[in-house]
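Peer 1: Pasting in a structure now, in structure tokens, and then I'll have a few things to ask.
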Amino acid sequence: MYSILRKILFLFDAELIHEFSVHSIKIFNKIPLIDILIKKFFCISDKKLERNILGLKFNNPVGLAAGFDKNAECYNEFSNFGFGFIEIGTVTPMPQPGNPKKRIFRLAEDKSLINRLGFNNKGISEVVDNLKKERDIIIGANIGKNYFTQNSDAHSDYLKCLSELNEFVDYFAINISSPNTEGLRDLHDKSLLKPFLEKLVKFNNKLMNKRPLLLKISPDLNEEQIADIVILIKDLKLDGIIATNTTVSRDGASSEHKTQEGGMSGKLLTHKSNAIIKYLRKRLGDNFPIIGVGGIMNANDAIERLNSGADLIQLYTGFIYKGPSLIKEINKAIINQSN
């Protein structure tokens, strides 16, 4: 059913369809009893799926990655599809339109996407208003800086997000790894990253209800850079790591759109993200929380990511290509592996 719908949707501009889909999901769930029917069809409840990570109890380890519900407009509606958690954002202090359109490109033959959105969002104030709804799903906030904020002052934007969103979310993802905000990835450099993270950790530790802080990293780092980040994470006692964001590499891409600028996600990122998860687990030990994201396109990919060391996983491009049945498919595979 979804494969037919996808063929129709893929006839239109990717960003237009994304906005249409999110709006449609919101409207559709307002029909009486529809939310109950969706939950009944997609949601699975099983003790074998539950995870206690970051001081939080996840009903299952499959989350929706940042970028889908940027402004926290329909996290409850997405939760009806069976996700164990939702990561909203990326949120910046001030609203911003992002980069000029057209800025999302499907690499259909490669089962991948390229985007150069540039942290387009409606800003903290509107996101906070949207987060005041009742919910029974774990929410993480992916936070970033406004495009006009210099890296030397970047910490101030992240601190503002930590402060104003603290009451309304369960964890924070510190996004320094998007390739679509000029200069942002420079914060991976240890000379910049250490003082930047120190400020965030110090501030968070003083909050009455401090939330877990996770660092979201790029898949384009070399082994030495990742090793430096691992040391820093241990020294500063960060709560977790998310690996990985999109890649600027075009290795293996065959689509005509491969020359477009931006970050690539999807199947072509699978191997690279999985290799980084394995490396991180080896360096960070058995108990350090790792969220795996990037190129999880089917249940086998999800099981491989979990077996490689991820405690939780997130979907984005796989959700677009496979549809909401993918969540149920993965959760069933996890249960079957546990038997």
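Each value in this text was obtained by applying a stated rule to the coordinates, not by laboratory testing. For clarity, every value in this text was computed on a predicted model and none was experimentally measured. Counting neighbours? That spans all protein chains shown, and the Cβs are built from the backbone with ideal geometry, glycine included.
Peer 1: Please report the equivalent ellipsoid semi-axes of the chain, computed as sqrt(5 x eigenvalue) of the Cα gyration tensor, largest first, in whole Å. Show your work: numbers first, answer last.
Peer 2: Working: eigenvalues 147, 102, 96 Å².
For the chain, the semi-axes come out at 27, 23, 22 Å.
Peer 1: Further question on the same structure: With both bridge residues required to lie in the stretch 2-338, what share of the DSSP beta bridges run antiparallel, to the nearest 5%?
Peer 2: 30
Peer 1: Here's a follow-up. Which ordering of Cys74, Cys161 is given by a fewest-first count of other beta-carbon atoms within 10 Å?
Peer 2: Cys74, Cys161
Peer 1: Using just the helices of the chain, give the 222 nm mean residue ellipticity in deg cm²/dmol: DSSP H runs with n ≥ 4 each add -39,500 (n - 2.57), and the total is spread over all residues, rounded to 500.
Peer 2: That comes out to -12000 deg cm²/dmol.
Peer 1: Out of the chymotrypsin sites (Phe, Trp or Tyr not before Pro) in the stretch 68-164, which ones are loop residues according to DSSP with at most 13 other C-beta atoms within 10 Å? Can you show the working numbers first?
Peer 2: Working: sites: Phe68, Tyr75, Phe78, Phe81, Phe83, Phe85, Phe105, Phe119, Tyr147, Phe148, Tyr158; in loops: Phe68, Phe81, Phe83, Phe119, Tyr147, Phe148.
Loop-located and lightly packed - Phe148.
Peer 1: Quick one: net charge of Arg211's neighbours, Cβ under 10 Å, K/R +1, D/E -1?
Peer 2: Every neighbour counted, the sum reads -2.
Peer 1: Beta carbons within 10 angstrom, averaged per residue: use that to sort the peptides 236-243, 315-322, highest first. Before the final figure, lay out each step's value.
Peer 2: Working: 236-243: 21.4, 315-322: 23.1.
Highest-to-lowest ranking by the protection proxy: 315-322, 236-243.
Peer 1: Toward the positive end of the charge dipole of the chain, about the Cα centre and with charges on Cβ (Lys, Arg +1; Asp, Glu -1), which of Ser156, Leu49, Asn142 goes farthest?
Peer 2: It is Leu49.
Peer 1: Continuing with the same structure: Using the Cβ atoms and a cut-off under 14 Å, what net charge is assigned to the surroundings of Ser338, where Lys and Arg are +1 and Asp and Glu are -1?
Peer 2: Once positives and negatives cancel, what remains is +2.
Peer 1: Most exposed first by the Cβ proxy, i.e. fewest other Cβ within 10 Å, how do Phe196, Phe28, Phe203 rank? Provide the component values of the computation, followed by the final result.
Peer 2: Working: Phe196 19, Phe28 13, Phe203 16.
Ranked by crowding around the Cβ, least crowded first: Phe28, Phe203, Phe196.
Peer 1: In the structure displayed, which of Lys57/Lys160; Lys70/Lys132; Lys111/Lys332 lie more than 18 Å apart, Cα to Cα?
Peer 2: Lys57/Lys160; Lys111/Lys332
Peer 1: Taking the Cα-to-Cβ direction at Ala108 and at Thr259 and moving 7 Å from each Cα, how far apart do the two end points lie in nm?
Peer 2: 2.1
Peer 1: Hey, for a label at Asn339 modelled as a point 7 Å past Cα toward Cβ, could you say which residues of the stretch 45-59 have their backbone N under 19 Å away?
Peer 2: Within reach of a label on Asn339: 45-50.
Peer 1: Ranking request for peptides 247-258, 163-174: highest mean number of other beta-carbon atoms within 10 Å first, then the rest in descending order. Walk me through the numbers on the way to the answer.
Peer 2: Values: 247-258: 15.8, 163-174: 20.7.
In decreasing order of mean packing, 247-258, 163-174 become 163-174, 247-258.
Peer 1: Expressed as a whole percent, how much of the Cα-Cα distance distribution for the stretch 28-125 exceeds 17 Å?
Peer 2: In whole percent, the long-distance tail amounts to 65.
Peer 1: Which of Lys199/Lys237; Lys39/Lys322; Lys47/Lys278; Lys122/Lys202; Lys210/Lys237; Lys122/Lys322 have a Cα-Cα distance over 24 Å?
Peer 2: Violating the 24 Å Cα-Cα cut-off are Lys47/Lys278; Lys122/Lys202; Lys122/Lys322.
Peer 1: Let me ask another. Extending each Cα 7 Å along its Cβ direction at Glu126 and Leu9, get the distance between those two points in nm, one decimal.
Peer 2: Inter-label distance under the simple model: 2.2 nm.
Peer 1: For a quick check: sort Arg135, Arg116 by the number of other beta carbons within 10 angstrom, fewest at the front.
Peer 2: Arg135, Arg116
Peer 1: Write down, largest first, the equivalent ellipsoid semi-axes of the stretch 207-258 in whole Å, where each equals the square root of 5 times an eigenvalue of the alpha-carbon gyration tensor.
Peer 2: 31, 15, 5
Peer 1: Projected onto the charge dipole of the chain (+1 at Lys/Arg Cβ, -1 at Asp/Glu Cβ, origin at the Cα centre), which of Leu5, Asn130, Gly262 gives the Cα projection farthest towards the positive end?
Peer 2: Leu5
Peer 1: Let me spell out the model: positive unit charges on the Cβ of Lys and Arg, negative unit charges on the Cβ of Asp and Glu, origin at the Cα centre of the chain. What dipole size does that give, in debye rounded to 20? Write out the running numbers ahead of the final one.
Peer 2: Values: 46 positive and 39 negative charges, 105 e Å.
Taking the Cα centre of the chain as origin, the dipole is about 500 debye.
Peer 1: Please compute, for the alpha-carbon atoms of the stretch 51-179, the extent along each of the three principal axes and give them in descending order in Å.
Peer 2: In descending order, the Cα extents are 42, 37, 24 Å.
Peer 1: So if I average 1/r over every pair of distinct C-alpha atoms in the stretch 129-286 and take the inverse, what Kirkwood radius in Å does that give?
Peer 2: Working: mean 1/r = 0.0597 Å⁻¹.
Mean inverse Cα-Cα distance, inverted, gives 16.7 Å.
Peer 1: Which one of Asn298, Leu192, Ser177 is farthest out on the positive end of the charge dipole of the chain, using unit charges on Cβ (Lys, Arg +1; Asp, Glu -1) and the Cα centre as origin?
Peer 2: The one lying farthest along the dipole's positive direction is Asn298.
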